[in-house]
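Trainee: First, the structure itself, so that you have it in front of you.
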Amino acid sequence: MTSATADRGDGMWLAPSPVGRRSRRVVTVLGIVFLLSIWLDAAGSTLPSFFLPAPLRFFTQVAELFPKASLDAIEWRARGWRCDTGQFDELDVRPLFPIRRDDKENQFSRAMHFYHGDPSVLEALDQYITDAHNRLNPDERVGGVMLLSLRIPIPPMGEPGPRERWQPISDYPSTVTRRHWWMPPEDLRKRRCQDVR
Amino acid sequence: MKRAGGASLRPAPGAILTVLGDWLNAPQRIERLALLRVFVPASVLGFLSSRIIHADYWLGSRGFRVPDLGGDWRQPLYIPALPDWAAWAIGGAMILSGLCLVVGLAARPAALVFAILVAYGTLADRLEAFTVTKLAPVLTLALFFSPCGARYGVDAWLAARRDPSVPRVTHVLGGSIRFFQCFLVTMYSASGIAKARGDWLSKQVLWTHLHDAYQTQASWLLMRALPTWSWWLFQGLVLVFECGAPFWFALPWTRTPALVVGIGMHAMIGLMFGPVVWFALLMGSMLFASFVPDAPLLRIRRMLGMRD
């Protein structure tokens, strides 16, 4: 379908349309529904949810880009309960989530961002991190992970502060608020540690 | 409906539809469609590259999967993990179909396959679904419904070799280009409204988003170099550009200035927000292909040594 079929007499060679007239109308209507759904969703309307099933509506929820100011910069972290010492130490989970491991587009940050209030997801995350960490570090096994957020104050305008970089929890000053979202139950931690002995 | 003299007098809604139909179907330079065919899948592939190289973590069984939440609003569809070999196969097929579309080899089938695979990846892992991957299926479907391989690609080259006497296509029916134009205007307008409903009219938003893991060396340097008032200026400019997009792009005398502001905005986003660079490239290239005037478009073509 690459040859020009329509010389309009003005040196204009028009590519033939790969779809018929009736199909073009259907596609045009679908395109209008898509664009209207994007616009209505961003405008705060719930109308698209009445005529689009959730998996299709998902593809129209695209235009709400950075609408709110950040109150703080959020870092999501994990502390593992060491089987040998019986204490919580920070785990660097970045190797366990290799997709964009150094920014907030990795699966750990995204899971915590969306589901930090959902125990069923946090429990699954605890299980995944525990298993993956123990596989990679058989000499430093953990029985579970505590999941937490750090709220790092944003400096006032005109005072940008140091360049953003990953640093251990212990290096943050006390002005950085720590909040715990998941603590694996003690019996679960002990059972996991006993399972490998 | 007839006039006394016998001339047809259409009712107003019909006349509006005729005008809209004429606008929709007005022929457009095929270079626009070729640019879209190259840059849309290339930007999406750029975004996906960091996921595809870890396909076993992304779609396979090696990475973290959010459990089935049974209709939770944050999980539009639960899709279980694939065996790792299947995850790698899908990643490979995404690269292959995306590249075929870029070079115009079996362009329309490639667009369809690419759209389906990216839609699957977007639904399969909600954690790695972003604006780029949510938009990609529809944008590439729009290419599928167009003669996107008719020029400047392998399909066109093979056709010309088969029959050199056939003239080269210069234009396409406007519908597909109009879709991209309307999409951009809708996207900007919707985004501007969401910003106005959010904090953009009352708080400094840009500054606050430059202090997390999206921060780049460029954004850090700009934060140190630019005066405080300039952030309010940028914020106001973005808001006015986005909320007013339907007017800026509808009026002929504001269209080119709006194009320049839009390209500048996407360049700044790409420079200052780390991984958002692929979204900036996607939007910026679509904006250029859709709205650049014919004269510079043809000048670029001449500079590249191409001819009708």
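Just so it is clear, none of the values below were taken in a lab; they were calculated from the coordinates. Quick caveat, the model's predicted, so the values are computed rather than measured. Virtual Cβ from ideal backbone geometry, glycine too; neighbours counted across all protein chains shown.
Trainee: When chain A is modelled as a GNM with alpha-carbon springs shorter than 10 Å, which of A:Asp92, A:Asp171, A:Asp126 fluctuates the most?
Mentor: In this elastic network of chain A, the residue with the biggest mean-square fluctuation among A:Asp92, A:Asp171, A:Asp126 is A:Asp171.
Trainee: Less than 11 Å Cβ to Cβ from B:Leu101, Lys/Arg counted +1 and Asp/Glu -1: what total charge do the surrounding residues give? Please list the in-between numbers first.
Mentor: Details: positive: B:Arg37, B:Arg108; negative: B:Asp155.
Around B:Leu101, the charge tally is +1.
Trainee: Pull out a ≥ b ≥ c, the square roots of the eigenvalues of the alpha-carbon gyration tensor of chain B, then state rounded if a/c is under 1.5, prolate if not and a/b is larger than b/c, and oblate in the remaining case. Write out the running numbers ahead of the final one.
Mentor: Working: a/c = 1.57, a/b = 1.17, b/c = 1.34.
In terms of gyration-tensor shape, oblate.
Trainee: Right, another one. Output wanted: per-residue J couplings in Hz (rounded whole) for region B:110-116, from phi through Karplus 6.51 cos²θ - 1.76 cosθ + 1.60, θ = phi - 60°, x for Gly and Pro.
Mentor: Listing the rounded values in order: 4, 5, 5, 5, 4, 4, 5 Hz.
Trainee: For every other residue with a beta carbon closer than 11 angstrom to the beta carbon of A:Glu64, add +1 if it is Lys or Arg and -1 if Asp or Glu, then tell me the sum.
Mentor: Details: positive: A:Lys68, B:Lys195, B:Arg197; negative: A:Asp41.
Net charge around A:Glu64: +2.
Trainee: Given all pairs of different Cα atoms, what value in angstroms does the Kirkwood hydrodynamic radius of region B:215-263 take? Numbers along the way, then the final one.
Mentor: Details: mean 1/r = 0.0814 Å⁻¹.
Averaging 1/r across every pair of different Cα atoms and inverting gives 12.3 Å.
Trainee: Work out Dmax and Rg for region B:20-131 from the C-alpha atoms and quote the Rg first, both in angstrom.
Mentor: 16.7, 53
Trainee: Moving to a separate point now. Work from the charge dipole of region A:49-151 (Cβ charges, +1 for Lys and Arg, -1 for Asp and Glu, about the Cα centre) and give the residue of A:Leu56, A:Leu91, A:Ala132 farthest towards its positive end.
Mentor: Looking along the dipole axis, the top candidate is A:Leu56.
Trainee: If you line up the long axis of helix A:186-196 against the longest principal axis of chain A, both from Cα atoms, how many degrees apart are they, to the nearest 10?
Mentor: Result, in degrees: 90.
Trainee: Above 32 Å lies some portion of the pair distances; for chain A, what is it as a whole percent of all C-alpha pairs?
Mentor: Working: 8615 of 19306 pairs.
Of all Cα-Cα distances in chain A, 45 percent exceed 32 Å.
Trainee: Mind telling me which of A:Met146, A:Met12, A:Met157 comes out most flexible in a GNM of chain A, alpha-carbon contacts under 10 Å?
Mentor: Maximum among the listed residues: A:Met12.
Trainee: Who wins for biggest fluctuation among A:Ala124, A:Ala111, A:Ala69 in a Gaussian network model of chain A, springs between alpha carbons below 10 Å?
Mentor: The residue that fluctuates most here is A:Ala69.
Trainee: Normalising by the residue count of chain A, find the relative contact order in percent from Cα pairs under 8 Å and 6+ residues apart.
Mentor: Values: 225 pairs, mean separation 35.3, N = 197.
In percent, rounded to a whole number, it is 18.
Trainee: Here's something else I'd like to know. Divide by every residue of chain B the summed helix terms, -39500 (n - 2.57) for each DSSP H run of at least 4, and state the resulting mean residue ellipticity at 222 nm, rounded to the nearest 500 deg cm²/dmol.
Mentor: Details: 14 runs with 202 residues, N = 308.
Value at 222 nm, helices only: -21500 deg cm²/dmol.
Trainee: Go ahead and estimate [θ] at 222 nm for chain A from helices alone: -39,500 (n - 2.57) per DSSP H run with n ≥ 4, summed, over the residue count, rounded to 500. Numbers along the way, then the final one.
Mentor: Details: 6 runs with 68 residues, N = 197.
For chain A, the value works out to -10500 deg cm²/dmol.
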